Every structure is written in structure tokens, then in C-alpha cells.
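Working notes, structure below.
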Amino acid sequence: MKSAAKWLTAKRTILDKGIIEFLVAVAEKDMIKASASLKQVCEGTRKEGDVAKMRKIFCRYAHGLYNFAYSVLPRECFDRLEQPDDKGFLNDFAQWNIDNGFPQGKLYFPCPKSTVC
């Protein structure tokens, strides 16, 4: 936590700062700060320079962090985490994941145990 606090004092992009602030807020179970940071991640994604259009219309970082929060937080904390009101965060998709227990796909390309991946 000390390292994160120190890291946040330096000049950072909105996206980088939002990600770290979100992780700190989740660790502290501060859902108000986590919710604001998730919105900041969406805003920061759009402001990134040379980024594919798909990344600007679907904020995969925010969705990944939201899914992460679901897996590490007690349900009562997660339920207080607000989905960002942002065009890059697909609320219907996030709700579908919640309703379906955040299903995981099957491994597409398994790595044989005898090889180093």
C-alpha cells in the first residue's frame, strides 16, 4: 500500500492512476472511491494516444477490474460498487456477467506439461 501511495504521487496518465487507485480502493473496501476510479479508467482509456477504436468503445480494463472486484470482494461490498456511467462500459454486458456468475471460457490452446510456455 505504501508503494502504491508513493507511485500515485508522481505524474501518471489518467488510465494508470485510475487502475492503481481502483486496486487500492478495493483492498480498502472503499466502494465509493473504487466506483469513481472505475469511471476514471474508462475516461483514461479514451484519452490514450495511438489506440485501436475497439479499445475506445469497449473499455476492457474497466470490465476486467470490475470482474476482478467480483472475485475478491465479499458480495455485500461488490454490490455497492457502481458500474460507471460511461459509453465504454457496457452495463448490459456487466449485468449479464453478474447474472451468470462471471462464466469463464475453456482454454483454447493448452500447453503440454512437458514444455515450457
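Please treat every number below as a calculation from the coordinates, not as lab data. Since this is a predicted model, take the numbers as computed values, not measurements.
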Inset, instruction - Could you pull out every one of the aspartates and glutamates with an alpha carbon less than 13 Å from that of LYS33, ignoring same-chain neighbours closer than 8 positions? - result: GLU21, GLU82
Legend entry - Relative contact order for the chain, counting Cα pairs under 8 Å that sit 6 or more residues apart, in percent: 23 percent
Legend entry - Potential extension, GLU43-ASN97 segment - 0.36 nm per residue separation minus Cα distance: 17.2 nm
